[in-house]
Structure formats: structure tokens, C-alpha cells
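These notes concern the structure reproduced below.
The values are calculated or read from the model by the stated rules, or taken from the named source; none is laboratory data. Please read all numbers here as calculations on a predicted model, not as lab measurements. When we count neighbours, we look across all protein chains shown, and the Cβ atoms used for this are built from the backbone with ideal geometry, even at glycine. Note: accessible area is taken over every heavy atom of the protein model, side chains too, but ligands, DNA and RNA are not part of it. Shrake-Rupley method; radii C 1.70, N 1.55, O 1.52, S 1.80 Å.
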Amino acid sequence: MERWDRAGRWAAYAAALALLPYLVIKVSWAAGSLLRLELVPEGYSRSGWVLLNAVTVGMAGIGIALALALVRPWGMRIPGRPVLFCAWTGAGFLVSILPYAVLTTLLPTGEADPPGDGGDGAMPGWTGALVQTGFVGMGLGLAVALPAYLRRRWPEAFAGRVGEGTGAAPSWPAAVAAAVGLVWLYWAAGGTYGLDRPDQREADWHLLTGLGAGWALAGAAAVLAVARARPAGLPRWLPLAVGWLGSGSLFAWSGWKLPVTLVVALARPAEVTLPEAPAVAAVLHLAAVVAGAGMLRTLVRTGRSLPYAPRVTSVRAEPPPPAPGSPRASGTSGTSDSR
């Protein structure tokens, strides 16, 4: 236990350090655009580019603060709700994408630009390497540091087995997540129904879509196991971990893509095209966001899931022991003995 906790602390520091170059790059891009020292990539207005970088600067700052909260003493004292929400979305963004980072080093998928970083070839190679290293480093750090932190702060969440002390919980979020995952799996396998431009699909698109489908289906199965308390006897930490990552992936990535898809669906910009029909993609992303939030709520409502605050057991205060020679110590009342 101490070895795991020590590894989690080192991983938290490493995660914060890995994301620091990304923060510096984004700040320099935003400042350079404001001062008109930085070229704006094709397809972006200056204000839109500054806004995008400002948003990602905020996200990087929150990520670094989260990593430090997982290791510093003040991280155990701040309210549980913001910690859990940031950890949930952060893990959904970065931990769930780690298989993609591994597979792209093994498979010839072509070059993929980081989401929201232009995609017009203007980014130098060393900058792209720093950005990708920051994402992967933060994801790996969270994968180790977050469970260690949660076990320190809420150890009861990892105790027991499925079916112990849990009541029925809503399972409709898992059904919605499974439906979304099946559609994405159909597209990743080569299906074309619901696509506007199937010829624009590349290997990266198939891989990312298939990965999203896998997390949606795995998370749905895990949440369904917790909600229905079956199979009984399964260690509780296993469906909790899979449900946590699956729901976080649905909420974080679809929450990020939904505004872009809505803009494409409503404005129809000529420079931005998607393989999916924008209306269909928007509906799926909205359903994924709702399902992800509902899945997390189901995990919390099962009684022994991740709580919002440490559970404190009230203990009845006992009176202090009597001083030697006092009336209480001799078993008599406060009146003096007349003998």
C-alpha cells in the first residue's frame, strides 16, 4: 500500500511537469496572436484563434492544478465535488486516449494533428512532439496518481464486492451509452449509413471512432453491473474503474466535439467538413454527454461508490477518566464520608 501511494505521488508530480510545456506553448500562441506576432492558422479568425487558445490554457492550468492536488496536503482538504469532476473529465480526456497513443506508434495510421491545434501544417515538429508528450505524460500520470489519491481520501469506495450493500440504481444511462457505442462501432467497422462523406474517413478516424465505441460499450457494461448488482462477488473496484473511464470518455470527448459539430451543422462552413452527417453526429454527441453524466450519477448513487466527501463516523464522547482520589474514582457521591 505504501509503495503504491509513493508511486502515485511521483506520478502526480510527473503529470504536472509533463503538461507544463503545453501550457507555455498555448500561452505563447495566445499572446502572440493578441500582439500580432503569431500567424493565425488557415481557417481561423484572429479572435477565434485567441479564444481557442485561451480555453486550452485554462484546461491546461486546471490539469496541472489537479495533478498537484493529488499529491499536496491541501488536495485532501478542498471540497470533493470539484476534485472528482476535474479528475473524471481529465481521465476521460487523457487516460481513455492512451490506447490510441500506443496503437499509432505500432500501426501506419498517418499523421494526426492534435485536436484544436490547427491541422494546416503550420505547427513545427518539435512543438507537436511536446504537445503529444504532454498529453501522454498527463494521461499516464493520472492513471497512477488518481487511484492512489482516491484510495487515500475515500478508501471505502474500493472495499467490498458487487452486490454488497447496494440497492437498485437507474440503468438507462448505460443503455443510451451502449446505443451510441454500437453506432460508433458500426462506423468504425466500415458502415456508411449516417455518413455524409464516407470517402473522407482515414485510418485515424477509424481508430478513434472504434476506441470511443469500445469505451462506451465497456463503460455501459460496467455501470450496468453496478446498477443491477450482478455478477455478485465481482471485486467492486473493477467495474468502478471501467465505468469511471467509460463515462468520463463519453462526457469529455463528446462535450468537446458537440459545439464544433453544432457549428458545422448550422453554419456549414466550406473549410470544415466531417465524414459524419452533422445532425446525426450532434445527436450522438449530445446523447453521449447525457449518458456519461447519468452513468457517473448511477455510480455515485449505488451507495458504496465514490462519495462527494469523506464519510465520518460519529463517536459518542466518553467522559475523561476520574482523577485518583476523586469521589468518582472511589465510587461515591460528591458528599463527604461522615465516618
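At a glance:
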quantity	calculated
Simple spin-label estimate for Ala7 and Ala189 in nanometres, 7 Å along Cα-Cβ	3.6 nm
Accessible-area order (highest first, 1.4 angstrom probe) of the listed residues Leu266, Leu106, Leu258, Leu224	Leu266, Leu106, Leu224, Leu258
Surrounding net charge for Pro147, when Lys and Arg each add one and Asp and Glu each subtract one, Cβ distance under 15 Å	+4
Contour excess over end-to-end distance, with Cα ends at Arg152 and Leu182 and 0.36 nm allotted per residue	7.1 nm
Heavy atoms of Phe93 accessible to a 1.4 Å probe, total area in Å² rounded to 10	40 Å²
Surface per residue (accessible, 1.4 Å probe) for region 1-106, Å²	55 Å²
Probe 1.4 Å - accessible area at Leu286, Å² to nearest ten	100 Å²
Accessible area in square angstrom per residue, region 211-276, 1.4 angstrom probe	44 Å²
Two-site FRET efficiency, Asp196 against Ser45, from Cβ-Cβ distance with R₀ of 22 Å, rounded to 0.05	0.30
Carbon and sulfur %, accessible surface of region 1-91 computed with the full protein complex present, 1.4 Å	70 percent
Dipole magnitude (debye, nearest 20) for region 150-296, charges at Cβ of Lys, Arg, Asp, Glu	640 debye
Ordering of 54-67, 2-15 by burial proxy (mean other Cβ atoms within 10 Å per residue, highest first)	54-67, 2-15
